[in-house]
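Written out below as structure tokens is the structure these notes cover.
The values are calculated or read from the model by the stated rules, or taken from the named source; none is laboratory data. As the structure is a prediction and not an experimental result, all values here were calculated from the model. As a convention, Cβ positions derive from the backbone with ideal geometry for all residues, glycine included, and neighbour counts pool all protein chains shown. Surface areas here come from the heavy atoms of the whole protein model, side chains and all, with no ligands, DNA or RNA. Shrake-Rupley method; radii C 1.70, N 1.55, O 1.52, S 1.80 Å.
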Amino acid sequence: MPELLSKKLAFITGAAHGQGRAAALALAREGADIIAFDIAQNLSFPGYSLGSADELISLKKECELLNVRCRVFTGDVRVADDIAKAVDAAESEFGHIDILFNNAGICAYGNAQDITEREWDMMLDINLKGPSLVAKKIIQLMIRQKSGVIINN
């Protein structure tokens, strides 16, 4: 049986580990090529481990074992230039992006009264502004190709 997503390209944010990695591998098992985008470093907040460069590299290898192409990009969903570099490279190499899985996000654990304004802003920028910036860039391509799916996780 042919793979459901053969010849499709999925762009996944927060792809290095957790739900993003699981989504990347699930899509790859269905035949989709993968663009894995992750900050690949820890931040001062939220205080737990985020994805790493090593995890991005191992994701690439796992995808390639599934006979799909995988390109990895380190970048911050809060930075339009980081997003543009990855999207433009994907468009240049593949010519299309069929699926956007907006997954990058952080969570503040603790008491609401203890979260600083800076931490709150960081969480909103990553969780809300980030998906908006990524979608804004990729939607332009999806409109030109007259197709595409966006999933916000």
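A few comments on the model shown:
- Residues within the range 107-128 that are surrounded by fewer than 14 Cβ atoms within 10 Å (Cβ to Cβ) and either under 17 Å from Gly51 (Cβ atoms) or touching a residue at least 12 places away in the same chain (Cβ under 8 Å) (or both), tallied: 4
- Number of residues in the range 13-48 that are hydroxyl-bearing (Ser, Thr, Tyr), open to solvent by 50 Å² or more (accessible area, probe 1.4 Å) and under 22 Å from Asp81 (Cα atoms): the value is 1.
- Filter result for Leu133 (open to solvent by 40 Å² or more (accessible area, probe 1.4 Å), in contact with a helix residue (DSSP H, G or I) (Cβ under 8 Å, 6 or more places away or on another chain), at pLDDT 95 or above and not small (Gly, Ala, Ser)): yes
- Scanning the range 107-130 for residues that are under 21 Å from Ala22 (Cβ atoms) and modelled with pLDDT of 95 or more returns Ile126, Asn127, Gly130.
- Test for Ser132: is it of a type in the set (S, T, N, Q), within 19 Å of Ile12 (Cα to Cα) and not in a helix (DSSP H, G or I): no
- Members of the range 39-58 found to be more than 18 Å from Ile126 (Cβ to Cβ) and hydrophobic (A, V, I, L, M, F, W, C), listed by number: Ala53, Ile57
- Within the range 51-74, the residues that satisfy the criterion of being surrounded by fewer than 20 Cβ atoms within 10 Å (Cβ to Cβ), within 14 Å of the chain's Cα centre (by Cα) and either acidic (Asp, Glu) or within 23 Å of Cys107 (Cα to Cα) (or both) are Ser52, Ala53, Thr74.
- Filter result for Ala104 (small (Gly, Ala, Ser), open to solvent by less than 80 Å² (accessible area, probe 1.4 Å) and either in a helix (DSSP H, G or I) or more than 17 Å from Ile39 (Cα to Cα) (or both)): no
- Filter result for the condition that a residue is more than 14 Å from the chain's Cα centre (by Cα), at pLDDT 95 or above and of a type outside the set (A, V, I, L, M), over Asp98, Asp88: Asp88
- Against the conditions (1) modelled with pLDDT under 95; (2) assigned to a loop (DSSP other than H, G, I, E, B), Ser147 satisfies every one except (1).
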